[in-house]
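One structure below.
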Amino acid sequence: MTAPTSRAWLQAAAARLTLGSKRLTGHLTRRVVAWIRDTWQRTMTWLSDATGIAWAVRLGVLLAVAWVLRKAGVSIAAAAARRLDSAAWLLWPALGVWIIAAWRAGHPDWKPRSPAAPAAAAAAEKPVPDVEPAPVSLAKEHPAGPTLDSVLGAARLLGTPHVHLAAIEEHLKAPQGTARRVLSEAGIPIADVRMQGRGTSTGVRASDIPPLPSPSPEGVGGAVGAAQGANNSNNSVRVDRVGDGAQITVTKLDERRAYTV
């Protein structure tokens, strides 16, 4: 393999400097654009955080700062132009710095540096401890509440004739929302109803509250037979508690008939 000639080396060096200059120009342009965009977003966020008079004051401050920066920028640019006219030799050191930077940027493995690169590298190197997820407590998602029978019993007791869910929960001292969950799981419709003394709110209509189960004929016959054995008079009276009320059964032994009130 022959060594490269001086002409080939100069061509490779010129190509590397050209590529490095393009890379540096694009990198610096992107950084300037990103800085301007970030500054603009921060300024707009700071301005939008205020309303009314405070917003007007902040807008005035921004306009004043912009005017000052404009004046200062023009003065600095004019002073720099005068300095360059009187000290043109400063262009040679600047050219040397640019050639060195372009030579480094023209390397095939060159990558631009970003402000967030060190922080990202440190975060990537830092090991993340293995933490098992905490078990989810179902008690927090579904707090303990009353049963369906207690909710329906409170609805029958408080209904005028309709009843609010809040009234049921207050009566049962149950957490908020538990009555709705119990009724929804049972398939009982929930709607806006009017309750006497409370106005209109979410609750259950009287027609949607299931009635108490009626006693079976076997139960009545058993009650009559028990009463006959316990009473020697012509009439037998038995009182059974059903829900929030009572059932009175009168049996006439001579007629062998039972009357339920």
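The modelled label-to-label distance between R42 and A15, using points 7 Å beyond Cα along the C-beta direction, is 4.3 nm. Taken along the Cα-to-beta-carbon direction at a fixed 7 Å, the label points for A54 and V33 span 3.5 nm. Put +1 on the Cβ of each Lys and Arg and -1 on the Cβ of each Asp and Glu in the stretch 143-208; which of L148, H171, T200 then has its Cα farthest toward the positive end of the dipole? About the Cα centre, the residue reaching furthest to the positive side is T200.
Between G203 and L165, A191, D192, V193, the built amide H atoms are under 5 Å apart, and every one of these is 5 or more places off in sequence or on another chain.
Roughly how many debye, to the nearest 20, is the charge dipole of the stretch 10-111 about its Cα centre, given +1 on each Lys and Arg Cβ, -1 on each Asp and Glu Cβ, and no other charges?
Details: 14 positive and 4 negative charges, 28 e Å.
The calculation lands at about 140 debye.
When each of the peptides 147-153, 90-96 is scored by how many other beta carbons lie within 10 Å of its residues on average, the order from highest to lowest is 147-153, 90-96.
Where a number appears in this text, it was derived from the coordinates with a stated rule and is not lab data. Being a predicted model, the structure only gives us computed values, none of them experimental. All Cβ positions, even for glycine, are placed from backbone atoms using ideal geometry, and neighbour counts span all protein chains on display.
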